[in-house]
Amino acid sequence: MQALQGIKVLELGQLIAGPFAGKTLGDFGADVIKVEPPGVGDPLRKWRLLRDGTSVWWEVQSRNKRSVVLDLREPADQEVARALAAEADVVIENFKPGTLEGWGLGWERLHALNPRLVMLRISGYGQTGPYKDRPGFGVIGESMGGLRYLTGEPGRVPVRVGVSIGDTLAALHGVIGVLMALYHRDARGGEGQSIDVALYESVFNVMESLLPEYDAFGAVRERAGSALPGIVPSNAYRCKDGSYVLVAGNGDSIFRRLMAAIGRPDLEADPALAHNDGRVTHTQRIDGAIEAWTTQRTPDEVVAALDAARVPVGRISSIADIARDPQYLARGMIVETRDRNGASLKVPGVVPKLSATPGALRHPAPRLGEHDEDLRRGGWPLRDTPED
């Protein structure tokens, strides 16, 4: 038994935010039908690196899903989508606000058909407000949400995070909303409801103390490179070979252990540095002492010494490092699967890890329209056995 076994999800979205939410629900047993347009299907099938004509990203984003082809601009296919929604527990969409209403698939219409339905709506700016009709991808949400302004080196151009973090944050907020709505429906006897997730709000929600700092002090946090502003020491430090390690010695007792490990008992015992607020005023002095020590050592030597001192430390891992990391392997975070052509492919494992009802990779990402026949036979495709 998986946590969401028996939950029927109709995924109408494409690319990243909506489909990532569908993938997460599918990993924990939900039966996810992904609706794709005729022709090439979801554009993600052709994004980034392709193998045998299909993106390997697609194999991650669409695992545990079934694919049916519908042209939602056509009345006949809109009727099919409404019939699926009438049986669904969850509908996921990430179109521009108003798009589904124009196709007869908006919240009011679907809720009238199925009062128990939970509908997740992800968009750039939300379903309301003066910006709601603007197109909004994740990168715009990251910018408006405050993340892009903080990312990069001081005085340099703001840079993007290397992945589509805005879309993924929106998806995860959406999944949280879906689970709360299902709990309200099933445990408390409530009806279904609509969940309105905006990309920029999902980013803004993880921006920590930016707003209260600005409101209370007029402080605008600026780009700080690899440092964590206002929390010392926490930075990247150069090693003997020119590479870097990350050291987070910002807890009071951790700081003392760190200073002892690098041979600086004077800083360890300095009462001015006993707490974080005092250390912040001596950031350059502390960072200089740490880097003077790390530059005399290899990354392995730094990690070994600070591990022994119980100080959080880590290398900056590339995907090549991750693929052979024993911690990833021990926790099942690198899973070898096979795509629909039988080719082996390593993909990320399932997160989070539930002790009684863990998630699983039940079947690989589908071919375009692979489950159209199930739909034509009538009823919701409910096969839970692995497919080959």
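Name the pairs: first residue in segment 168-181 and closer than 11 Å to residue 196 by Cα and of a type in the set (Gly, Ala, Ser), second residue buried (at least 18 other Cβ atoms within 10 Å of the Cβ) and modelled with pLDDT under 95, Cβ to Cβ under 9 Å, at least 6 apart or on different chains?
Note: pairs meeting the criteria are 170/138; 170/141.
Enumerate the pairs (first residue in segment 240-257 and within 15 Å of residue 270 (Cβ to Cβ); second residue anywhere and at pLDDT 95 or above and among the aromatic types (Phe, Trp, Tyr)) with beta-carbon separation below 8 Å, excluding pairs fewer than 6 apart on the same chain, so at least 6 apart or on different chains.
249/255
Determine if segment 305-325 includes at least one residue that is open to solvent by less than 40 Å² (accessible area, probe 1.4 Å), at positive phi and small (Gly, Ala, Ser).
no
So that you can scan it fast, the table gives a plain yes or no per residue for (1) over 21 Å from residue 173 (Cβ atoms); (2) surrounded by 21 or more Cβ atoms within 10 Å (Cβ to Cβ); (3) in contact with a helix residue (DSSP H, G or I) (Cβ under 6 Å, 6 or more places away or on another chain):
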site: 10; (1), (2), (3): no, yes, yes
site: 15; (1), (2), (3): no, no, yes
site: 19; (1), (2), (3): no, yes, yes
site: 28; (1), (2), (3): no, yes, no
site: 32; (1), (2), (3): no, yes, yes
site: 38; (1), (2), (3): yes, no, no
site: 44; (1), (2), (3): no, no, yes
site: 74; (1), (2), (3): yes, no, no
site: 79; (1), (2), (3): yes, no, no
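Return the residues of segment 187-225 that are in contact with a strand residue (DSSP E or B) (Cβ under 6 Å, 6 or more places away or on another chain) and either surrounded by fewer than 17 Cβ atoms within 10 Å (Cβ to Cβ) or under 18 Å from residue 165 (Cα atoms) (or both); say none if nothing qualifies.
Answer for segment 187-225, where residues must be in contact with a strand residue (DSSP E or B) (Cβ under 6 Å, 6 or more places away or on another chain) and either surrounded by fewer than 17 Cβ atoms within 10 Å (Cβ to Cβ) or under 18 Å from residue 165 (Cα atoms) (or both): just 197.
Scan 21, 112, 86 and give me the residue that is assigned to a helix (DSSP H, G or I) and under 23 Å from the mean Cα position of the chain (by Cα).
The conditions single out 21.
Select from segment 96-108 the residues that are surrounded by fewer than 15 Cβ atoms within 10 Å (Cβ to Cβ) and closer than 26 Å to residue 186 by Cα and list them in ascending order.
108
Would segment 306-320 turn up any residue that is of a type in the set (Asp, Glu) and closer than 24 Å to residue 270 by Cα?
Scanning segment 306-320, I find at least one residue that is of a type in the set (Asp, Glu) and closer than 24 Å to residue 270 by Cα, so the answer is yes.
Considering only segment 151-189, state which residues are farther than 13 Å from residue 16 by Cβ, among the aliphatic types (A, V, I, L, M) and under 22 Å from the mean Cα position of the chain (by Cα).
Scanning segment 151-189 gives 159, 161, 175, 176, 178, 179, 180, 181, 182.
Pairs please, first residue from segment 197-217 and among the hydrophobic types (A, V, I, L, M, F, W, C), second anywhere and open to solvent by 40 Å² or more (accessible area, probe 1.4 Å), Cβ atoms under 6 Å, 6+ apart in sequence or on different chains.
197/173; 210/221
Considering only residues of segment 336-347 that are surrounded by 14 or more Cβ atoms within 10 Å (Cβ to Cβ) and at pLDDT 95 or above, which is nearest to the chain's Cα centre (by Cα)?
The extreme case among them is 347.
This table checks each residue for (1) of a type in the set (Lys, Arg); (2) modelled with pLDDT under 95; (3) buried (at least 19 other Cβ atoms within 10 Å of the Cβ).
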residue	(1), (2), (3)
123	no, no, yes
129	no, no, no
139	no, yes, no
146	no, no, no
166	no, no, yes
174	no, no, yes
177	no, no, yes
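On the given criteria, is residue 10 of a type in the set (A, V, I, L, M, F, W, C), at pLDDT 95 or above, outside any loop (DSSP other than H, G, I, E, B) and out of contact with any Leu (no Cβ under 7 Å at 6 or more places or on another chain)?
Here the answer is no, as residue 10 does not meet what is asked.
Kindly list, by first and then second residue, each pair from a residue in segment 44-67 that is without any contact (Cβ under 8 Å) to a residue 60 or more places away in the chain to a residue that is open to solvent by 80 Å² or more (accessible area, probe 1.4 Å) and assigned to a helix (DSSP H, G or I), limited to pairs with Cβ atoms under 9 Å and residues at least 6 apart or on different chains.
The qualifying pairs are 53/46; 55/46.
Kindly establish whether residue 2 is part of a loop (DSSP other than H, G, I, E, B), polar (S, T, N, Q) and open to solvent by less than 40 Å² (accessible area, probe 1.4 Å).
Yes; evaluated as a whole, the condition is true for this residue.
Which of the residues belonging to segment 348-358 are open to solvent by 60 Å² or more (accessible area, probe 1.4 Å) and among the hydrophobic types (A, V, I, L, M, F, W, C)?
351, 354, 356 - these are the residues of segment 348-358 that are open to solvent by 60 Å² or more (accessible area, probe 1.4 Å) and among the hydrophobic types (A, V, I, L, M, F, W, C).
The values are calculated or read from the model by the stated rules, or taken from the named source; none is laboratory data. Note that the structure is a prediction, hence the values are computed from the model and not measured. Because the Cβ atoms are built from the backbone with ideal geometry, glycine has one as well, and the counts that use them run over all protein chains shown. For the accessible areas, the whole protein counts, side chains as well, though only heavy atoms, and no ligand, DNA or RNA atoms are used. Shrake-Rupley method; radii C 1.70, N 1.55, O 1.52, S 1.80 Å.
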